[in-house]
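Chemist: First, the structure itself, so that you have it in front of you.
The values are calculated or read from the model by the stated rules, or taken from the named source; none is laboratory data. Just so it is clear, the model here is predicted, and its values are computed rather than measured. FYI the Cβ positions are ideal-geometry reconstructions off the backbone, even for glycines, and counts take in every protein chain you see.
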Ligand SMILES: [Zn+2]
């Protein structure tokens, strides 16, 4: 507690979106929070908490590249609120893996952090290494190129057993859905019963 107080005095927590000072870390200011566009209608087996826009993008970037790992519980809470039906009856949470070369640079996989934080709230076990990325996919390129690249990018990690399991894939944002589809295909091929998807944000109408 004392350490927290000292840290807050020397490094006052700021809103990860607008950089305004806030009371405690791991949150965003009321104004930015009110700008989040929550999604209320979900497809069966798929749920996302908010629309991918400037506000949610800043939150994801802060979690991904800004070392703001304290944001994971906040985003996870919104994901659980949105994804009740997706989490219902699930056996396992896992995430879209990063290629090890990228993991080396980034130090952590933001999707694994979100999966662990969601697991803590809903008590469905989380395992970050069910899948492995066998091909590093370039970030740039056209949509078509990216979809082509992501095909066959994943494999079941050594010794994993997903037979008969209902698995929820967790990711920060879903855009084309190609990555999640590719992961789902590998899991189903290895005997998983059902694959669902839960993300923090969802790109809407720009694909
Ligand atoms: Zn703000």
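Chemist: Please list, ordered by first then second residue, the pairs with beta carbon atoms under 6 Å, 6 or more apart or interchain, first in segment 179-190 and touching a residue at least 40 places away in the same chain (Cβ under 8 Å), second part of a helix (DSSP H, G or I) and crowded, with 20+ Cβ neighbours inside 10 Å.
Modeler: Cβ pairs passing all conditions: 179/150.
Chemist: Working only within segment 25-40, note down all residues that are touching a helix residue (DSSP H, G or I) at 6+ places or on another chain (Cβ under 6 Å) and either modelled with pLDDT of 95 or more or near the ligand (Cβ under 8 Å from one of its atoms) (or both).
Modeler: Passing the criteria: 32, 35, 36.
Chemist: Still on this structure, please answer the following. Which residue pairs have Cβ atoms closer than 9 Å, lie 6 or more positions apart in sequence or on different chains, and pair a first residue in segment 12-27 that is assigned by TED's automatic domain parsing to the domain that holds residue 60 with a second residue that is assigned to a loop (DSSP other than H, G, I, E, B) and more than 7 Å from the ligand (Cβ to nearest atom)?
Modeler: Pairs that qualify, where the first residue is assigned by TED's automatic domain parsing to the domain that holds residue 60 and the partner is assigned to a loop (DSSP other than H, G, I, E, B) and more than 7 Å from the ligand (Cβ to nearest atom): there are none.
Chemist: When you scan segment 44-55, do you find a residue that is crowded, with 16+ Cβ neighbours inside 10 Å, assigned by TED's automatic domain parsing to the domain that holds residue 177 and within 16 Å of the ligand (Cβ to nearest atom), even just one?
Modeler: Checked against the condition, which is being crowded, with 16+ Cβ neighbours inside 10 Å, assigned by TED's automatic domain parsing to the domain that holds residue 177 and within 16 Å of the ligand (Cβ to nearest atom), segment 44-55 yields at least one hit.
Chemist: Which of the residues spanning segment 61-96 are assigned to a loop (DSSP other than H, G, I, E, B) and in contact (Cβ under 8 Å) with a residue 60 or more places away in the chain?
Modeler: Of all residues in segment 61-96, those assigned to a loop (DSSP other than H, G, I, E, B) come to 66-68, 83, 88-91, 96.
If the condition is that a residue be assigned to a loop (DSSP other than H, G, I, E, B) and in contact (Cβ under 8 Å) with a residue 60 or more places away in the chain, then 83, 89, 90, 91, 96 are the ones that fit.
Chemist: Looking only at segment 76-92, decide whether some residue is within 14 Å of the ligand (Cβ to nearest atom), surrounded by fewer than 20 Cβ atoms within 10 Å (Cβ to Cβ) and either closer than 30 Å to residue 152 by Cβ or at pLDDT 90 or above (or both). Give the steps one after another, and end with the answer.
Modeler: Initially, segment 76-92 is screened for residues within 14 Å of the ligand (Cβ to nearest atom), giving none.
For segment 76-92, residues within 14 Å of the ligand (Cβ to nearest atom), surrounded by fewer than 20 Cβ atoms within 10 Å (Cβ to Cβ) and either closer than 30 Å to residue 152 by Cβ or at pLDDT 90 or above (or both): absent.
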